[in-house]
Amino acid sequence: QLHLVESGGGLVQAGGSLRLSCAASGHTFSIHTVGWFRQAPGKEREFVAAITESGGETYYTDSVKGRFTISRDNAKATAYLRMNTLKPEDTAVYYCASRVDTTGPINLGYGYWGQGTQVTVTS
């Protein structure tokens, strides 16, 4: 069982930055691809970014490319999402998740989820 805890969310003005953290415990963090997802009020949860086990490959949804950066530190069992040039439409609860089924697209197959951290971007 992998336990994930997100932190780093908050209230920020448009154009500002935040760094989210996802701390893992209870299992070998380094063997899992980690993803970040978000869910805005009244909307479906959507894929934001993912990083493979070694950090060698990263993936982003189009709306955050060039603004968000996903990274990980396996020695600290922690993944990060650096968010720059934030926009009001980035407002959502952000979740990190660990991928347990790697047979499908990168936005699917996640089995362990954190509780989420709120990000609110004001205009």
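The values are calculated or read from the model by the stated rules, or taken from the named source; none is laboratory data. Computed from a predicted structure; not experimentally measured. Using ideal geometry, Cβ is built from the backbone for each residue, glycine included, and neighbour counts are taken over all protein chains shown. When the accessible area is computed, the model is the full protein with side chains, heavy atoms only, and any ligands, DNA or RNA have been set aside. Shrake-Rupley method; radii C 1.70, N 1.55, O 1.52, S 1.80 Å.
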Self-check item: Matching residues in the stretch 62-77 - criterion: being part of a loop (DSSP other than H, G, I, E, B), open to solvent by less than 30 Å² (accessible area, probe 1.4 Å) and closer than 16 Å to residue 17 by Cβ
Solution: 67
Quiz item: Does residue 86 count as within 18 Å of residue 12 (Cβ to Cβ) and either assigned to a loop (DSSP other than H, G, I, E, B) or β-branched (Val, Ile, Thr) (or both)?
Solution: yes
Quiz item: With respect to residue 57, is the statement that it is touching a helix residue (DSSP H, G or I) at 6+ places or on another chain (Cβ under 9 Å) and open to solvent by 60 Å² or more (accessible area, probe 1.4 Å) true?
Solution: no
Practice problem: Check the stretch 61-69 and report whether any residue there is closer than 28 Å to residue 28 by Cα and either charged (D, E, K, R) or touching a Pro at 6+ places or on another chain (Cβ under 7 Å) (or both). | Solution: no
Quiz item: Any residue in the stretch 9-25 that is touching a His at 6+ places or on another chain (Cβ under 9 Å), touching a residue at least 60 places away in the same chain (Cβ under 8 Å), over 16 Å from residue 119 (Cα atoms) and of a type outside the set (Asp, Glu)?
Solution: yes
Quiz prompt | Whichever residue in the stretch 11-37 is polar (S, T, N, Q) and closer than 26 Å to residue 86 by Cα and, among such residues, is farthest from the chain's Cα centre (by Cα) | solution = 13
Exercise. Tell me which residues, restricted to the stretch 94-105, are of a type in the set (A, V, I, L, M, F, W, C) and surrounded by 18 or more Cβ atoms within 10 Å (Cβ to Cβ).
Key: 96, 97
Quiz item: Which one of the conditions (1) in contact (Cβ under 8 Å) with a residue 40 or more places away in the chain; (2) open to solvent by 50 Å² or more (accessible area, probe 1.4 Å); (3) of a type outside the set (A, V, I, L, M, F, W, C); (4) farther than 18 Å from residue 23 by Cβ does residue 91 fail to meet, given that it meets all the rest?
Solution: (2)
Quiz prompt | Sole residue being over 28 Å from residue 14 (Cβ atoms), of a type outside the set (D, E, K, R) and in a strand (DSSP E or B), chosen from 94, 80, 112, 59 | solution = 112
Quiz item: Which numbered condition trips up residue 48, out of (1) more than 17 Å from residue 111 (Cβ to Cβ); (2) part of a strand (DSSP E or B); (3) out of contact with any helix residue (DSSP H, G or I) (no Cβ under 8 Å at 6 or more places or on another chain)?
Solution: (3)
Exercise. Filter the stretch 20-43 down to residues that are among the hydroxyl-bearing types (Ser, Thr, Tyr) and out of contact with any helix residue (DSSP H, G or I) (no Cβ under 7 Å at 6 or more places or on another chain) and give me whichever is most open to solvent (accessible area, probe 1.4 Å).
Key: 28
